[in-house]
Number of protein chains: 4
Amino acid sequence: MNPPTFEPRDPDYIERVHASFNRQAAMRTLGATLAAVRPGQVEITLPWAEALTQQHGFLHAGMVSTALDSACGYAGFSLMPVEAAVLTIEFKINLLAPAKGEHFRMVGIVIKPGRTVTVCEGHAYAIDGGKEKLIATMGCTLMAVFGRDNIQG
Amino acid sequence: MNPPTFEPRDPDYIERVHASFNRQAAMRTLGATLAAVRPGQVEITLPWAEALTQQHGFLHAGMVSTALDSACGYAGFSLMPVEAAVLTIEFKINLLAPAKGEHFRMVGIVIKPGRTVTVCEGHAYAIDGGKEKLIATMGCTLMAVFGRDNIQG
Amino acid sequence: MNPPTFEPRDPDYIERVHASFNRQAAMRTLGATLAAVRPGQVEITLPWAEALTQQHGFLHAGMVSTALDSACGYAGFSLMPVEAAVLTIEFKINLLAPAKGEHFRMVGIVIKPGRTVTVCEGHAYAIDGGKEKLIATMGCTLMAVFGRDNIQG
Amino acid sequence: MNPPTFEPRDPDYIERVHASFNRQAAMRTLGATLAAVRPGQVEITLPWAEALTQQHGFLHAGMVSTALDSACGYAGFSLMPVEAAVLTIEFKINLLAPAKGEHFRMVGIVIKPGRTVTVCEGHAYAIDGGKEKLIATMGCTLMAVFGRDNIQG
């Protein structure tokens, strides 16, 4: 199943996504980079780092979630109108394999955009010795929030 | 519904949980403390920190997940035999309110222990001005892993 | 954690929940009864029936979901204004034990009501030989829908 | 992302899946047919039926779940050894659009098989006037069960 094609409502969606991403201090803590922003699809990459690990030296499932949630959130945000802020309502993550690798690639795509509620899917890949492996999948529901002073972008 | 009472299989479960928690570098990144370890119930606390925030200054949903996943994981681990390691199979988190507060309290409890598969629930609370508020709930499935050299504790 | 207490916005919420429940043909297929309706809390009961089983003779996980989703949905609906219709955005169910028993009791409670989005939790119990056992837990997100001609109640 | 290709461990997996499906009385209640069985991929079809509806005349989310859970369960079962039985540990479903249509097609695929734990994804489609629309996605975790007398197939 190919992801559907979407038309962004804000022509400056790429800048808007980058500006919001840059305000997420958590992304700096992760060492994460916004690798690609397309309408309804966002890619985030990060290197393995000891500071993000669980007890076996793998990336902590929650850290994988952090990057994947941002990938999904910004995939949704890329399709929202300029005045919308985005909040995650819920997500579910399945950890398919230990998050072991040199680099990680997190892909979030919109599968159903909506005025208020948007549904996304995320896929996390570990890159190890040049080989890429699917390590986690996420289902994620976002809400567009309007007109709240303390929640912008 | 009261959480059921459990009998730990390893009498030294408290030390075992602390030892594994201390090996999670991600918990140091979060500034997290293991506040309570009981059979099938674990509590983790952390202060708000800029490094953990999303674009609105709230704790990133993924960072809430990281602490809550560890609380659930160690709740399950507390009931496992001494030779078991614990991995998260999946979790789902519902964000009920923005993670806004001075401190956060993450509570994980086992609702169904099993030889291989254990199911937990997590509740995240924000403490702000002395008042505690439920901000997230998690459902989490864990797997006990045995005899893998690179996955211990 | 005790469920919070809620004030219904529609004084006739009990009748409204019953009327909508009675329009769910799926509930008749399940042999389900609306056993209790309180503000933000709904209970549905049903007997075991061969027509609802999977290959081992237990209630099919999907049939447990059907009753539990309705319990959660009507818990949310009980707090909504009179002009709202309710739709499920998503739910997650953990099957803790095979759905084996003479009767089943499904309890849905609201943990976070909202103008648009409401979050609920569900618990499914099997009653066998007079003993009740927790067999499944659900986390569920609902949406209040307004002003759509084909979606009422 | 293309689904991976799998080698079934039981050469008679098609018959085994059909035999188990035929023992699910819930599938008869749904009017469901096993439309395709491939290694790690199963398709179930069913017509709209009043007996399966919620209050707005759409298929009840739980009934969609029932068919989708069976599609995922049998996708996993198709790869299991002959002596395994299959149980659903948990699933999560996102309802993307009302389940409105003449026919429904439920596709379950394995994304990560395992000796004990298998992870699947499901997609539900509504067919209306010859057009197919994605209405729900599922993430599902299965467990292979061995040597329990009352849980076979």
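The values are calculated or read from the model by the stated rules, or taken from the named source; none is laboratory data. Bear in mind the structure is a predicted one, so any value in this text is a computation, not a measurement. Every residue, glycine as well, gets a Cβ built from its backbone with ideal geometry; the counts of neighbours run over all protein chains shown. Remember, those area values only see protein heavy atoms, side chains included, never the ligands or the DNA or RNA. Shrake-Rupley method; radii C 1.70, N 1.55, O 1.52, S 1.80 Å.
Hey, what's chain B come to in accessible area per residue, 1.4 Å probe, Å²?
37
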* Other-chain or far-sequence residues with amide H under 5 Å of C:A35's (modelled H) -> C:E43, C:I44, C:T45
* Label geometry 7 Å along the beta-carbon vector: B:E7 inter-copy distances in nm -> 4.6, 4.9, 6.7
* With a cut-off of 19 Å, note down the residues of region B:86-106 whose backbone N falls inside the zone around a label point 7 Å from the Cα of B:N22 toward its beta carbon. => B:86
* Structure fact -> Listed by chain and number, the residues whose amide H is under 5 Å from that of B:G153, excluding neighbours fewer than 5 places away on the same chain and using placed H, are B:A85, B:V86
* Mind listing the long-range amide H neighbours of A:I135? Cut-off is under 5 Å, sequence gap 5 or more, other chains count too, H placed in the peptide plane at 1.01 Å from N. => A:A124, A:Y125, A:A126
* Asked: Counting other Cβ atoms within 10 Å, which GluC sites (Glu not before Pro) in region C:64-153 have at most 13 and lie in a DSSP loop?
  -> C:E83, C:E102
* Cross-link pairs beyond the 29 Å C-alpha cut-off, checked among A:K131/B:K112; B:K112/D:K112; B:K133/C:K100; C:K100/D:K133; A:K100/C:K100; C:K133/D:K112 -> A:K131/B:K112; B:K133/C:K100; C:K100/D:K133; A:K100/C:K100; C:K133/D:K112
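Need one value for D:67-77: mean number of C-beta atoms belonging to other chains within 10 Å of its residues' C-beta atoms. Spell out each step's value before the answer.
Details: counts 2, 2, 9, 5, 0, 0, 5, 1, 0, 0, 1.
Mean shielding count: 2.
Suppose R0 equals 35 Å. What FRET efficiency, 1/(1 + (r/R0)^6) with r the Cβ-Cβ distance, do A:F6 and D:A35 give to the nearest 0.05?
0.70
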* FRET efficiency for A:E15 and A:I127, Cβ-Cβ distance as r, R0 = 25 Å, nearest 0.05? -> 0.35
* Structure fact -> Calc'd 3J(HN,Hα), region C:101-106, phi into Karplus 6.51 cos²θ - 1.76 cosθ + 1.60 (θ = phi - 60°), Hz, glycine/Pro = x, comes to x, 8, 9, 9, 10, 10
* Asked: Given a 1.4 Å probe and every protein chain left where it sits, what share in percent of the accessible area of the protein assembly as shown is carbon and sulfur?
  -> 52
* Accessible area lost on pairing D with C, both sides, 1.4 Å probe, Å² to nearest 100? -> 3100
* Karplus (6.51, -1.76, 1.60) ³J(HN,Hα), θ = phi - 60°, over region A:14-28, in Hz, Gly and Pro reported as x -> 5, 4, 4, 5, 4, 4, 5, 4, 5, 8, 8, 4, 4, 5, 5
* Structure fact -> One decimal, nm, nearest first: from A:V82 to the same residue in each other copy, label points 7 Å out along Cα→Cβ, the values are 4.2, 6.6, 6.8
* Each residue of region D:116-122 in order: what ³J(HN,Hα) in whole Hz does its phi give by Karplus 6.51 cos²θ - 1.76 cosθ + 1.60, θ = phi - 60°, with x for Gly and Pro? -> 9, 10, 10, 10, 10, 10, x
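Would the protein assembly as shown count as rounded, prolate or oblate if I go by the C-alpha gyration tensor, calling it rounded below 1.5 in a/c and otherwise prolate when a/b exceeds b/c, oblate otherwise?
rounded
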* Distances from A:R28 to the same residue in each other copy, label points 7 Å out along Cα→Cβ, in nm, shortest first? -> 2.1, 6.3, 6.5
* Asked: Near C:K92, which aspartates and glutamates are there with a Cα under 19 Å away, not counting those fewer than 8 places off in the same chain?
  -> A:D69, A:E90, A:E121, B:D69, B:E90, B:E121, C:E43, C:D69, C:E121, D:D69, D:E90, D:E121
